[in-house]
Structures are given as C-alpha cells and as structure tokens.
Amino acid sequence: MVRDGYFYALGLGAVAVLVWELTHFATLVALPLILAAFFLWFFRDPQRAIPSDPGQIVSPADGVVTEAEWIETTGGSRLRLSIFLNVFDVHVNRVPVAGTVKVVEFRKGEFMNAMKAESVLANEQTLITIDAGAYEVSFKQIAGLLARRIVCNLKAGDVVTRGQRMGLIKFGSRVDVLLPAEANLKVKKGMRVKGGSSVLAEIAVD
C-alpha cells in the first residue's frame with residue numbers, strides 16, 4: 001500500500017464520522033466510506049516477481065500497450081511503446097532496467113486525454129533515462145486527463161535495479177518507453193502488461 005492511500009482513507013473516514021454526528025443519516029455516511037475504500041484499493045502496491053535473465057527490459061507500469069512504433073530521435077531510431085493506465089490499474093511505477101540514472105527531467109504541461117497522440121509532447125511529464133551499460137532505456141511518466149500529480153523518487157546518479165519501485169502517477173495516465181533499435185520486442189499492441197514483471201523486450205548481451 002502506498003502511504004497516500006492511508007491519508008485519503010483517514011481523511012474520508014473523519015468526514016464520515018462528522019457526517020454521522022451531524023445527521024445520523026447512514027446513506028450520507030456511506031459515500032465517504034465507499035470513497036475511502038476505493039482509495040485504499042487504488043493505492044495498492046502488490047509484490048511482483050521480477051525476471052532475472054540478462055538483457056530483459058520490464059514494463060515500468062501496469063496497463064495496456066496502445067502503441068508500438070519506430071520513431072526518430074537525436075540519438076537515432078528508437079522503438080517507442082506506449083502503455084495506458086486506466087483508473088483501475090496499479091499506479092506504482094517501476095524501473096525497467098538495472099543501471100545508473102542518467103537523466104530525470106520534469107516538464108510542466110497540459111492534462112489532456114493520455115490516449116491522444118499529442119499528449120506525449122503536450123502533457124505534464126517526467127523523463128527518466130537509465131544507462132544500463134551497453135545501452136540506454138528512457139521512459140516517461142505522462143499525466144492524463146484525471147492525473148494531476150506525477151511522483152518520481154529518482155535523481156541523476158542513482159544506481160537502480162530492474163523492477164525497483166520509483167514513483168507513481170495518480171488517477172489514470174500513460175507511460176512511454178523508448179527502447180534501443182536492437183531490442184527484440186516481446187509484446188504487441190493490445191496486450192496487457194504488469195509493472196516490474198512483464199518483459200517488454202530483450203537485448204542480446206555478452
């Protein structure tokens with residue numbers, strides 16, 4: 001459980017007590033209690049079995065793969081995967097590869113629907129790049145229509161492990177992953193993936 005869930009639940013629990021004291025009307029008390037239960041469930045943080053084979057790149061988020069396409073960057077061709085998280089998905093994000101954090105860059109922006117292609121450039125987001133030694137993997141936490149806060153617990157220079165918890169995006173969002181051109185893709189559009197445990201791609205390593 002992410003601690004935010006306890007804060008929301010305790011606050012709504014206090015509201016329920018206050019409503020009961022003022023009205024003694026059970027129907028009115030039920031609403032904040034239902035919302036408290038929802039927040040406890042929303043901020044769940046389940047344990048995951050992290051794949052251990054060399055060269056594997058795991059999903060940084062739970063959700064559905066909505067895009068898998070080649071794009072051109074200043075560093076050459078990269079394979080971009082987009083993962084859409086709805087409000088019912090686990091929103092804890094994880095590190096896709098072991099290595100050293102090279103870049104953590106937050107950018108303010110809009111809060112348009114994360115399913116729209118332009119959201120990848122226009123929406124509020126945090127870019128993280130991991131130097132895995134022989135290659136780099138970048139991923140973006142992108143705010144959505146309902147997501148109003150991005151949490152990233154990483155900073156440049158941090159040494160991270162594959163599947164390590166690194167933050168979350170609250171209430172529906174999108175995570176994009178930029179893979180090296182030599183990556184062997186293991187997922188396709190429409191597939192559901194789990195953060196930390198689903199292998200997105202593999203790279204041959206010595």
- prompt: Just the accessible area per residue of the chain, please: how many Å² with a 1.4 Å probe?
  reply: 50 Å²
statement: For the chain, the charge dipole (Cβ of Lys, Arg +1; Cβ of Asp, Glu -1; about the Cα centre) points to a positive end, and the Cα of Ala143, Val15, Ile50 closest to that extreme belongs to Val15
- prompt: Hey, what do the phi angles of region 19-30 turn into as Karplus ³J(HN,Hα) couplings, whole Hz, using 6.51/-1.76/1.60 and θ = phi - 60°, x for Gly and Pro?
  reply: 4, 5, 5, 7, 10, 6, 10, 4, 5, 5, 5, 4
statement: Any lysines whose Cα falls less than 25 Å from that of Lys170, other than same-chain ones fewer than 8 residues away, would be Lys102, Lys108, Lys116, Lys140, Lys155, Lys189, Lys194
- request: Work out the length of the dipole vector of the chain about its Cα centre, built from +1 on the beta-carbon of each Lys and Arg and -1 on the beta-carbon of each Asp and Glu, and round it to the nearest 20 debye.
  value: 300 debye
- prompt: Given H placed 1.01 Å from N in the peptide plane, which residues other than close sequence neighbours of Asn93 have an amide H under 5 Å from its amide H?
  reply: Met166, Gly167, Leu168, Ile169
- request: List the residues whose amide H sits under 5 Å from the amide H of Lys186, counting only those 5 or more places along or on another chain, with H placed 1.01 Å from N in the peptide plane.
  value: Ala201, Glu202
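Once fully extended, how much extra length lies between Arg44 and Thr27, figured as 0.36 nm per residue of separation less the alpha-carbon to alpha-carbon distance?
Details: separation 17, 0.36 × 17 = 6.12 nm, distance 2.66 nm.
Full extension from Arg44 to Thr27 adds 3.5 nm.
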statement: In whole Hz, the Karplus estimates of ³J(HN,Hα) for region 60-66 (6.51, -1.76, 1.60; θ = phi - 60°; x where Gly or Pro) are x, 8, 7, x, 10, 6, 9
message: Leaving out ligands, DNA and RNA, and with a 1.4 Å probe, what % of the accessible surface on region 47-112 is carbon or sulfur?
response: 54 percent
Surrounding net charge for Gly133, when Lys and Arg each add one and Asp and Glu each subtract one, Cβ distance under 12 Å: -2
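Tell me the mean residue ellipticity at 222 nm calculated for the chain from its helices only (DSSP H runs of n ≥ 4, each -39500 (n - 2.57), averaged over every residue, nearest 500).
Numbers: 3 runs with 42 residues, N = 206.
About -6500 deg cm²/dmol.
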- line: Whole-number value, in Å³ per residue, for the convex hull of the alpha carbons of region 25-105 is 158 Å³
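The values are calculated or read from the model by the stated rules, or taken from the named source; none is laboratory data. The structure displayed is predicted, hence computed values, not measured ones. Counting neighbours? That spans all protein chains shown, and the Cβs are built from the backbone with ideal geometry, glycine included. Please note that ligands, DNA and RNA were not included when accessible areas were found on the heavy atoms of the full protein model with its side chains. Shrake-Rupley method; radii C 1.70, N 1.55, O 1.52, S 1.80 Å.
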